[in-house]
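The values are calculated or read from the model by the stated rules, or taken from the named source; none is laboratory data. Computed from a predicted model, the values in this text were never measured in an experiment. Glycine gets a Cβ as well: all are built from the backbone with ideal geometry, and neighbour counts include every protein chain shown.
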Amino acid sequence: MTSDSPSFDVVAQLGALRRYARSLTRNVHDAEDLVQESLTRAFEKRHALKDGASLRGWLFSILHNTFVSDRRAHNASGALTDAFDEHTSAVTTHPAHDPVVRLRQLERAFDALPEDQRAALHLVTIEGLSYQDAASTLAVPIGTLMSRLGRARAALRAFEDGAPGADSARSSRAVHLKVVGGLDADR
């Protein structure tokens, strides 16, 4: 951006920022707006990034804080409640063997997690942040982060075990969801 700070390269972080914003907002258009607003704030405060600090973690923190601030403003006006009602009234899909349907079901289960659990799970499992970096991003103690991860994983396991229409033959053959950081070893 400026010649005196070549390490302020946000282009490499755009994909991760978009994924995290989508995870938080549950809407692709709102996610793009959130990323744009966050990058504007980051650019305005680029002098606050300390030498040697993680640009990625700093950008995730700005994005998360921007989301929380915007959410508070929306809660005051009631707009978030209306958007959530619209989202949850979407047509439900009956379980099938179709992988696309299964992916949509898992996406809905992930979206149904409370925001704090969804954010923690996304940062650790999808973005690959360490527990310490994710805790710093969310401005919570590491124990709180681990607790949120545990509850999120338990909720997804409960969804997996109690998916509507799951019969014993399907559940004995099904590949169960593994919610871990990094790549899944059982390909």
Residue identified as in contact with a Phe, Trp or Tyr (Cβ under 7 Å, 6 or more places away or on another chain), crowded, with 16+ Cβ neighbours inside 10 Å and either modelled with pLDDT under 90 or among the aliphatic types (A, V, I, L, M) (or both) among Leu63, Leu59: Leu63
Considering only segment 87-118, state which residues are modelled with pLDDT under 60 and under 26 Å from Glu37 (Cα atoms). His87
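Take the conditions on the phi < 0 side of the Ramachandran plot, free of Cβ contacts under 8 Å to residues at least 60 places away in the same chain, in a helix (DSSP H, G or I) and not aromatic (Phe, Trp, Tyr) and apply them to Ala31. Does it pass? Break it down into steps so the answer makes sense when it comes.
Details: on the phi < 0 side of the Ramachandran plot: yes; free of Cβ contacts under 8 Å to residues at least 60 places away in the same chain: yes; in a helix (DSSP H, G or I): yes; not aromatic (Phe, Trp, Tyr): yes.
Yes, satisfied.
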